[in-house]
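Student: Please find one structure pasted underneath; my questions will follow.
Each reported figure results from applying straightforward, stated rules to the coordinates on display, with no laboratory input. Small disclaimer: the values here were computed from a predicted structure and weren't measured. A quick note on method: Cβ atoms are made from the backbone with ideal geometry, for glycine too, and the neighbour counts reach across all protein chains shown.
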Amino acid sequence: MDMWIILFLYNTGARVQEVVDVKISDLHLDTPGKVNLLGKGKKQRACPIWPETVEAIENYIKHREPDDPEDPDEQHLFLNAHGKSITRFGIRHISKKYSGKASQECSSLNDKKVGPHTFRHSTAMHLIQSGNDINMVKLWLGHADINTTHMYTDISMDLKRKILDSCQAPTSDLKSKTKKWLEPKILKWLKELSKGSQLCGVK
């Protein structure tokens, strides 16, 4: 179940309480898959889910063995080892457990505090870096105020600035030099290339 929760967290960018509250009836696993999330202020939003997430959820539900179908807890998607609805603490424990394992392979994680919100943050950043409209990202994350979403764009711009700063700017005076392609040898080569193109029927 642990890896399914992590996949769900990253796919949806859901808040930890939203994951706790998800019921099986909130799922729509037909193509295209989606899940209804109950956000802050009891506001509902639909979030698309990948085919991989749909498959993982279907496998999880198929192998889940409910003790009492009439138990309200059984209606929740994610259950703990006791058959009860998983808690916020339980999801935090899973995040901490696997970030610890990941840090053995990726030492940069050693000094980072990874929790459920880390996955939400990563989802937001990746949505923005993929060029999605800020209003669509706002709807995806369930933000009431778009200024909250804009915080992620500011972080994204900071990252771009760091990347730019890591690249050396040209230090030579380009204006004082002849453009490379205007050198006699290059011009001669271009003319020969042009003649060759005409022989091939390209004009």
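Student: Looking only at region 27-68, which residues are out of contact with any strand residue (DSSP E or B) (no Cβ under 9 Å at 6 or more places or on another chain), within 30 Å of residue 145 (Cβ to Cβ) and among the hydrophobic types (A, V, I, L, M, F, W, C)?
Tutor: Correct list: 50 only.
Student: Continuing with this model, one more query. Just for region 110-152: of the residues that are of a type in the set (A, V, I, L, M) and touching a residue at least 40 places away in the same chain (Cβ under 8 Å), which one is surrounded by the fewest Cβ atoms within 10 Å (Cβ to Cβ)?
Tutor: Step by step, filter region 110-152, then rank; the result is 144.
Student: Please state which one of 81, 46, 102 is free of Cβ contacts under 8 Å to residues at least 24 places away in the same chain, under 23 Å from residue 136 (Cβ atoms) and small (Gly, Ala, Ser). Give the steps one after another, and end with the answer.
Tutor: Working: 81 fails: under 23 Å from residue 136 (Cβ atoms); 102 fails: under 23 Å from residue 136 (Cβ atoms).
One residue alone meets the criteria, 46.
Student: Checking residue 114 against (1) touching a His at 6+ places or on another chain (Cβ under 8 Å); (2) within 20 Å of residue 88 (Cα to Cα); (3) aliphatic (A, V, I, L, M): exactly one of these is not met. Which one?
Tutor: It fails just one condition, (1).
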